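Computed from the coordinates by the stated procedures, all read-outs in this text should not be read as laboratory data. Note that the coordinates shown come from a computational prediction; the quantities given were computed from them, not determined experimentally. Quick reminder, even Gly has a Cβ in these numbers, built from the backbone with ideal geometry, and neighbours come from all protein chains shown.
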Amino acid sequence: MARDGKLNGIQKAAILFITLGPEASAGIIKKLPEREIQKITYEIANITSVKSEVKEDILKEFIEMNKAKDYLVEGGIDYARDLLSKALGSQRAKEILDKVAEETEQYRPFAIARKADAHQLLNVINSEHPQTIALILCYLQADKAGQILSSLPEELQSEVAYRIATMSNTSPMVIKEIEKVLNSKLSSVIRSDVTVIGGVETIVDILNQVDRTTEKNITEGLEKESAELAEKVKESMFVFEDIITLDDVAIQRVLREVESKELALSLKGCSEEVADTIFRNQSKRAAASLKEDIEFLGPVRLMDVEKSQQKIVAVIRRLDEAGEIVLSRGGEDAIIV
């Protein structure tokens, strides 16, 4: 957050407890480790004044973080991301979940790989077995993993991508052994961890960072391995909420392909940001008519809304594949041809 971005976790906790008041804070503080209590108490004692907007921001962050943790416990990462994205937008949801991950993980496996330069790391792992490369890429930042995947030989790209997409739980012992080898090659301290990695979501994050040629090569390779898996990856590459990332001309081109009834149903219950993006790209008369259609629908099933959204995503993908619009990939801007 801009206004309290310079505060560390202990300082934020101190301000939060001041904001909550002694009764509410007491129940939380007593559950903390003694060392943390001492640090927070010190900060509380040294805070003389706090701007109201800073208190509001910290309280809001606290509520959002706790919601994210509840959602994770309720239904896992995908469930939490879906609910938070609808409430706060995809970017804010990612920020919150990243913070939750930082708080709940003592450390992340392959820390050396995450710190290493992509080119240097490529030189170290490019001769490894595809499964080993896939495992390491799962733990990297998406942009770095994308760079490395793009630099692998073409015949290896789709094989590694397939292994990432079909990977699920990985034995801690296997992770530990691979870390050991990486440790000896990169001369850094590495600690093991237990986590669930890989899957369609991971390969999609990586593919979103590579260039179009690499993406096409990989998806075509995946189709040969598993048409069903390739389709899942394609569907996840662009979700309905991502329509806000398109430029206005591209959105207007998409809207020409969508029926009014389908559009109204797709916007039912969506985020305000998505709805505003659609309304902004219509004439005043068309936007007013669409708002009336949405209100006229009344209660609708979530399944029907998602089906309409998926139809619109299919239109976007078709226009992208035809070259009429270009989705932003690997830092490129969306353009209209």
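Quick look at the numbers
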item: Cross-link pairs 234/311; 144/180; 261/311; 216/268; 12/94; 144/185 - those with Cα-Cα distance over 23 Å; result: 216/268
item: In order through segment 298-308: 3J(HN,Hα) via Karplus (6.51 cos²θ - 1.76 cosθ + 1.60), integer Hz, x for Gly, Pro; result: x, x, 9, 6, 4, 4, 5, 4, 5, 5, 5
item: Length added when fully stretched, residue 98-residue 56, from 0.36 nm per residue minus Cα-Cα; result: 13.0 nm
item: Gyration tensor (alpha-carbon) shape descriptor, segment 9-71, a/c threshold 1.5; result: oblate
item: Three-way shape call for segment 111-191 based on the alpha-carbon gyration tensor, with the a/c threshold at 1.5; result: oblate
item: Segment 124-188, relative contact order [Cα under 8 Å, separation at least 6], %; result: 39 percent
item: Phi to ³J(HN,Hα) by Karplus 6.51 cos²θ - 1.76 cosθ + 1.60 over segment 87-97, Hz, x for Gly, Pro; result: 7, 10, x, 5, 5, 5, 4, 5, 4, 5, 5
item: Per-pair calculated FRET efficiency, R0 = 51 Å: residue 249 and residue 37 via Cβ, rounded to 0.05; result: 0.35
item: Phi to ³J(HN,Hα) by Karplus 6.51 cos²θ - 1.76 cosθ + 1.60 over segment 147-162, Hz, x for Gly, Pro; result: 4, 5, 4, 5, 8, 6, x, 3, 5, 8, 4, 5, 5, 5, 4, 4
item: Label-point separation, residue 141 to residue 10 (7 Å along Cα→Cβ), nm; result: 2.7 nm
item: Additional length obtainable on full extension of the chain from residue 227 to residue 176, 0.36 nm per residue less Cα span; result: 15.1 nm
item: Theoretical FRET efficiency, 1/(1+(r/R0)^6), r = Cβ-Cβ of residue 220 and residue 261, R0 51 Å, to 0.05; result: 0.90
item: Extension gain (nm, one decimal) between residue 115 and residue 20, 0.36 nm per residue minus Cα-Cα; result: 30.4 nm
item: Neighbourhood net charge (12 Å Cβ-Cβ; Lys/Arg +1, Asp/Glu -1) for residue 264; result: -3
item: Cα-projected label distance for residue 279 with residue 66, points at 7 Å along beta-carbon direction, nm; result: 3.2 nm
item: Label-to-label distance, nm, for residues given as residue 310 and residue 239 (7 Å Cα→Cβ offset); result: 1.4 nm
